[in-house]
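Novice: Before anything else, here's the structure in question.
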Amino acid sequence: MDVLRSIGITEPVIQFMLVNALLGLSIYLTLYTGMFSLANAGFMAIGAFAGVILTQTFDLPLAVGIAGGAALAGVLAIPVGLPVLRLRDIYLAIATIGFGEVVRILILNFDPLVSGIIGQRVTITGGALGIKGIPKLTETWHLVGFLIAVCYLIDRLHRSRFGRAMAAIRQDEKVAANMGINVVYVKNVVFVLSALLAGAAGAFSGHLTRIISPDGFGFAQAVNILAFAVLGGGASYFGPILGAVVLTGLPEVLRPVREYRGVVNGLILMLVIVYLPGGLISFFPTRRSLQRLRRRLFAPRPAPPA
Amino acid sequence: MNLIQQLVNAIWLGSVYSLFALGYALVFSVLGVLNLAHSAVFMWGAWIGLLVVTQLTLPLWIAVPAAMLGAGLISVALERTAFAPLRARGAPRISQLISSIGASFFLVNFAQLLFGTNPERFPIGLIPAEAIPNLPFRVTPIQVVILMVSVVLMALLNLLVARTRLGQRMRAVAFNQRTAGLLGVNVGAIYMITFFLAGALAGAAGVLYGLAFNQITPFIGDAIALKGLTVIVLGGLGNIQGALIGGFVVAALEVFSVAAGGSNYRDAIVFTLLFLILLVRPQGLVGQKEQTRA
Amino acid sequence: MKKWIWVFSLLALLTAPALVSAQMPTMESLIGADIRQTCPDPTNLPDTVTIGSLLTLTGGASVFGVSQQRGIQLAIAEINNSAFLGEGVTLEVIFEDSASDNNQAIAAMTKLVEEDRVIAVIGPTLSREAFSADPIAQDAGVVVLAVSNTANGITDMGDFIFRNSLPEASVIPGTVAGAVDQLGIRSAAIIYANDDDFTVSGANVFREAFEANGVTVVAEETYATGDVDFNAQLTNIIAQNPDALAISALAVEAVQIILQARAQGYQGVLMGGNGLNSPAVLQQTGADSEGLIVGAAWNIGSPNELSAAFKAAFENEYGNLPDQFAAQAYTGAWMIASAIRCADSTDSAAVRDALAALEMETPLGFFSFTEDRNPIHDPVVQVNRGGAFAVLGAE
């Protein structure tokens, strides 16, 4: 523990790692099903604001805040997912970025909007500053416990019929449909699961950072979340967790290099993704690339030339 | 009067967006990859142009080609370090996206190390800032120049891609890299040329942007990055005319939502419309049907 | 003969300080001079006294943080050169970067408080970072002095949280009253970023101040942080033909708004708050900002000699003029040093008590804290005359 602290990994950093791991897993689910969705930052925002409003305005326990935040994000994912999941690849990515921006702007303007409707001034989301003075209710063991539970459920999911359907859709949507998989159903369910997870992560994080403001959930955050999953690799759900841990810890570990921190951080991110394909396995592994990898790893070494 | 002025505002803003998006769209059209470091190259172009004018005290007409050259070379370096190794490995496109984010992070922070954080500008009086007289609306000379430059560059780029042998090869690579290679196209060279062109366009855009908005910082690319993305998706990914049209459409949406009194919801309106257009016409406003890409 | 002795001793008395100040920067003889009088040289301090500073040094908001860092570094050099904390005692600052990120602000504050065990922290740059990170220092009993936070409720976080930055609410009403008084404004428009707490609260204060002074607000427009083109909003505003345009913005956007308003032919009065109080605004807008009225916590053209000395020392060190962020951060570092000197202790609680009781001359004017650790000093209303800020109404 002391070794970690001395390189800048203090308890708050570990807590952020755990929250980010949840976010990484949330985008992992959609990527695993072949959906390039960047809606997670938006769902995180919904979960954070709903969760904090439940514990602060309504004075409910943290567990209710987490459940409520996750549930609202999950419910809202249904009307978003139904139309938008018809899109593929980059079109889906852009549409979901659009969704995230709309969420952010609606949260920003929520108070005047609601005040206008009900005819009296109310403060719910707090506009640009957001909600401040949130007590730090999230404990490390909450996050560890939640993460383990989520991993267990994802593991079960992978072994289930549903999980195989997810993988089949990623490999080829048309073939999957021909095999009798209800593609629309599977995609939408996964989208909702992903939103639930992002919402829970948002609610947890709101009770860690003590203030939540709409600007924390924009495009930059959407891209960060994607980076957790992609850098970590998608061969298993361990990848996004690893990615989140590394990407969250790196800026802290790099504090001693002072003003070169940003440059070094960017360089490492680039080098890892470019030159360490075996270390952090890249996403959408085709069967062939996996086989190639397996061959490279387990093939008998060629005898050295005599 | 007011409406005419807003129309002028929209056309002007549209030409800025289009100018920025051209290089973005070019890379996408050939590689099928979103280069999120494009905005960082654009920022470097602006700085190179500025330094040529302020440090080397050279005239503006040298600064623009110098910035294009410099930004083009940075862009080629980007291709060699952030994209080529991934392509060689057959890595998925999403890895290239993340790699370009890392590159962008590096370029922006490196610029901050070199240039600091204080905003700088081209010397006052370098270009006339007064509105052109005797018009029923207000427009400055630089605004007209940027509009003309973006239309001309779009036309040239379109000609290049559609009419020349180089363009033919670019399209061949875009269609299928391996087949193009078998047909004797030097694929690596095509990638480098494409990136050079895209970088040069970004460099020109950077200088003009710096002239128009009088403010150059390491962060000028950040604000326009998402706009550029919106523009090229709306126009039709990888479609060069689309980038131009997308720029004007996004600008018109922004300006007229403000004109209608909705400045609080301006970006929400833009993204909602983007959302709807994607649902109805995922190939964009100008694009052809179905080209699956990540 | 006796006369000669008198003359010699008088000469010696007069030249001695001059000799001293010839060796070192002239600054320390001014700022902190009153504290040297009221508090004796400390005797109980260790050789190195360590404080922290948590600033936004990378990313979009780093233009503020870097300026603050320079102000603090200048102050620390002066404090150490003048042995302000006693002979052989060095004041050391550990700078940490928050990268405008709340999570990083929390991590950095934790590091400063728990690992580096600093006795006080200057910062953070942004109010939202303060709401995230300050409770960590408060819980550990470490003094935090905010030098740029203007949001409501910063010092409500606890008895260890101070600020020396005047919020817009202390600055703008005087600005509006002065402008109305001098220029007879009857109608006004407001433009502000609706996604930034600083600019939103500034706009609210402007709105109230206009109403209080009988000025009709004929138009309000918003933009998003990072925008560069404000023509659409300005066209709407100019169509209403207001006498004055209030700009509640940060310097980067304010420059564009001023230039574009003038390019669209707006002739009325331009005014703003703390965000516009930067030499960069005047330098980058040239003649377009002639007559711009800015209400602020600090005036670069202030006749206050501490302020003049700070400006000269800063320009000498860094080659550019300081902005308000630098002035407040510089003052903050001197205030922390003064509190440490008066407490004669590195115990945070003792330093807090000394800081709360502090009354000193600063570049911001005569400074003290209210009961709830907010700043008390007079704001200034300045006007741009020929590319430099002058006090409004003083001409």
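The values are calculated or read from the model by the stated rules, or taken from the named source; none is laboratory data. Computed from a prediction, not measured in an experiment: that's the story for all the values here. Neighbour counts are summed over all protein chains in view; Cβ atoms, including those assigned to glycine, are modelled from backbone coordinates with ideal geometry.
Novice: Does the range C:220-231 include one or more residues that are within 14 Å of chain B (Cβ to nearest Cβ), assigned to a helix (DSSP H, G or I) and farther than 14 Å from C:L250 by Cβ?
Specialist: Yes; the residues of the range C:220-231 include at least one that is within 14 Å of chain B (Cβ to nearest Cβ), assigned to a helix (DSSP H, G or I) and farther than 14 Å from C:L250 by Cβ.
Novice: Sticking with this one: What's the number of the condition A:I148 fails, among (1) surrounded by 19 or more Cβ atoms within 10 Å (Cβ to Cβ); (2) within 19 Å of the chain's Cα centre (by Cα)?
Specialist: Condition not satisfied by A:I148: (1).
Novice: When you go through (1) more than 10 Å from every other protein chain (Cβ to nearest Cβ); (2) without any contact (Cβ under 8 Å) to a residue 60 or more places away in the chain one by one for C:Q256, which number turns out not to apply?
Specialist: (1)
Novice: State all residues of the range C:51-64 that are within 17 Å of C:E253 (Cα to Cα) and more than 8 Å from chain B (Cβ to nearest Cβ); if no residue qualifies, say none.
Specialist: Residues satisfying the conditions are C:A61, C:F64.
Novice: Among the residues of the range B:238-247, is there at least one that is surrounded by 22 or more Cβ atoms within 10 Å (Cβ to Cβ), farther than 27 Å from C:A251 by Cβ and within 14 Å of chain C (Cβ to nearest Cβ)?
Specialist: Yes, that holds for at least one residue.
Novice: Looking at B:R80, is it basic (K, R) and either modelled with pLDDT under 90 or in contact with a Leu (Cβ under 8 Å, 6 or more places away or on another chain) (or both)?
Specialist: Considered against the rule, which asks whether it is basic (K, R) and either modelled with pLDDT under 90 or in contact with a Leu (Cβ under 8 Å, 6 or more places away or on another chain) (or both), B:R80 comes out as no.
Novice: Could you say which residue among A:I14, A:I90, A:I78 is closer than 20 Å to A:A229 by Cβ, of a type in the set (V, I, T) and either surrounded by fewer than 20 Cβ atoms within 10 Å (Cβ to Cβ) or at pLDDT 95 or above (or both)?
Specialist: One residue alone meets the criteria, A:I14.
Novice: Are any of the residues in the range A:188-209 on the phi > 0 side of the Ramachandran plot, touching a helix residue (DSSP H, G or I) at 6+ places or on another chain (Cβ under 8 Å) and touching a residue at least 24 places away in the same chain (Cβ under 8 Å)?
Specialist: Residues of the range A:188-209 on the phi > 0 side of the Ramachandran plot: none.
No, because not a single residue in the range A:188-209 is on the phi > 0 side of the Ramachandran plot, touching a helix residue (DSSP H, G or I) at 6+ places or on another chain (Cβ under 8 Å) and touching a residue at least 24 places away in the same chain (Cβ under 8 Å).
Novice: Looking only at the range A:108-134, which residues are more than 10 Å from chain C (Cβ to nearest Cβ), outside any loop (DSSP other than H, G, I, E, B) and either touching a Ser or Thr at 6+ places or on another chain (Cβ under 8 Å) or β-branched (V, I, T) (or both)?
Specialist: If the condition is that a residue be more than 10 Å from chain C (Cβ to nearest Cβ), outside any loop (DSSP other than H, G, I, E, B) and either touching a Ser or Thr at 6+ places or on another chain (Cβ under 8 Å) or β-branched (V, I, T) (or both), then A:F110, A:D111, A:V114, A:I117, A:I118 are the ones that fit.
Novice: Would you kindly identify the helices (runs of 4 or more DSSP H) lying entirely within the range B:125-192 that contain at least 3 residues that are buried (at least 16 other Cβ atoms within 10 Å of the Cβ) and modelled with pLDDT of 85 or more?
Specialist: B:141-163, B:165-175
Novice: Checking the conditions here, which among C:E359, C:E290, C:E305, C:E371 is over 15 Å from the mean Cα position of the chain (by Cα), under 25 Å from C:L250 (Cβ atoms) and not aliphatic (A, V, I, L, M)?
Specialist: On inspection, the qualifying residue turns out to be C:E290.
Novice: Now, a different point. Quick one: would you say C:A287 is within 14 Å of chain B (Cβ to nearest Cβ) and surrounded by 22 or more Cβ atoms within 10 Å (Cβ to Cβ)?
Specialist: No.
Novice: Another question about this same structure. Might you let me know whether the range C:170-186 holds any residue that is surrounded by fewer than 23 Cβ atoms within 10 Å (Cβ to Cβ), in the same structural domain as C:T346 (by TED's automatic domain parsing) and of a type in the set (D, E, K, R)?
Specialist: No: zero hits.
Novice: Output the number of the condition that C:L355 fails; it satisfies all remaining conditions of (1) surrounded by fewer than 18 Cβ atoms within 10 Å (Cβ to Cβ); (2) within 24 Å of C:G141 (Cβ to Cβ); (3) among the aliphatic types (A, V, I, L, M).
Specialist: (1)
Novice: Only one residue in A:A48, A:A73, A:A67, A:A21 is more than 23 Å from A:G218 (Cβ to Cβ) and either touching a Pro at 6+ places or on another chain (Cβ under 7 Å) or assigned to a helix (DSSP H, G or I) (or both). Which one?
Specialist: Sole residue among the options that is more than 23 Å from A:G218 (Cβ to Cβ) and either touching a Pro at 6+ places or on another chain (Cβ under 7 Å) or assigned to a helix (DSSP H, G or I) (or both): A:A67.
Novice: Look at C:I94 and say whether it is assigned to a helix (DSSP H, G or I) and aliphatic (A, V, I, L, M).
Specialist: Here the answer is no, as C:I94 does not meet what is asked.
Novice: While we're looking at this one, here's another question. Starting from the range B:97-126, take each residue that is at the interface with another protein chain (Cβ under 8 Å from one of its Cβ atoms) and within 25 Å of B:R87 (Cβ to Cβ) and list its partners that are part of a helix (DSSP H, G or I) and hydroxyl-bearing (S, T, Y), counting only C-beta distances under 7 angstrom and pairs at least six apart or across chains.
Specialist: B:S104/B:S39
Novice: For residues that are outside any loop (DSSP other than H, G, I, E, B) and at pLDDT 95 or above, scanning just the range C:112-127, find the one that is nearest to C:S67 (Cα to Cα).
Specialist: Within the range C:112-127, the match that is nearest to C:S67 (Cα to Cα) is C:I122.
Novice: Report yes if C:A296 is at pLDDT below 90 and under 28 Å from B:A129 (Cα atoms), otherwise no.
Specialist: When the stated conditions are applied, C:A296 does not pass them.
Novice: So which residues in the range C:232-268 are among the hydrophobic types (A, V, I, L, M, F, W, C), surrounded by 21 or more Cβ atoms within 10 Å (Cβ to Cβ) and either in contact with a Lys or Arg (Cβ under 7 Å, 6 or more places away or on another chain) or in a strand (DSSP E or B) (or both)? Write out each step before concluding.
Specialist: Of the range C:232-268, the ones among the hydrophobic types (A, V, I, L, M, F, W, C) are C:232, C:234, C:237-239, C:244-247, C:249-252, C:254-255, C:257-259, C:261, C:263.
In the following step, the residues that additionally are surrounded by 21 or more Cβ atoms within 10 Å (Cβ to Cβ) were identified as C:232, C:234, C:237-238, C:244-247, C:249-252, C:254-255, C:257-259, C:261.
Answer for the range C:232-268, where residues must be among the hydrophobic types (A, V, I, L, M, F, W, C), surrounded by 21 or more Cβ atoms within 10 Å (Cβ to Cβ) and either in contact with a Lys or Arg (Cβ under 7 Å, 6 or more places away or on another chain) or in a strand (DSSP E or B) (or both): C:A244, C:L245, C:A246, C:I247.
Novice: Let me ask another. Any residue at all in the range A:192-209 that's part of a helix (DSSP H, G or I), more than 10 Å from the chain's Cα centre (by Cα), within 13 Å of chain C (Cβ to nearest Cβ) and among the β-branched types (V, I, T)?
Specialist: yes
Novice: Turning to a different aspect of this structure: Among the residues of the range C:176-199, how many are among the polar types (S, T, N, Q), more than 14 Å from every other protein chain (Cβ to nearest Cβ) and outside any helix (DSSP H, G or I)?
Specialist: Residues in the range C:176-199 being among the polar types (S, T, N, Q), more than 14 Å from every other protein chain (Cβ to nearest Cβ) and outside any helix (DSSP H, G or I): 1 in total.
Novice: Tell me yes or no: at least one residue of the range B:206-223 is of a type outside the set (V, I, T) and more than 30 Å from C:T285 (Cβ to Cβ).
Specialist: Initially, the range B:206-223 is screened for residues of a type outside the set (V, I, T), giving B:206, B:208-215, B:218-219, B:221-223.
From what's left, more than 30 Å from C:T285 (Cβ to Cβ): none.
Among the residues of the range B:206-223, not one is of a type outside the set (V, I, T) and more than 30 Å from C:T285 (Cβ to Cβ), which makes the answer no.
Novice: Of A:P240, A:P256, A:P251, which residue is assigned to a helix (DSSP H, G or I), at pLDDT 85 or above, over 22 Å from the mean Cα position of the chain (by Cα) and not hydrophobic (A, V, I, L, M, F, W, C)? I'd like the intermediate steps shown before the answer.
Specialist: Numbers: A:P240 fails: over 22 Å from the mean Cα position of the chain (by Cα); A:P251 fails: over 22 Å from the mean Cα position of the chain (by Cα).
The unique qualifying residue is A:P256.
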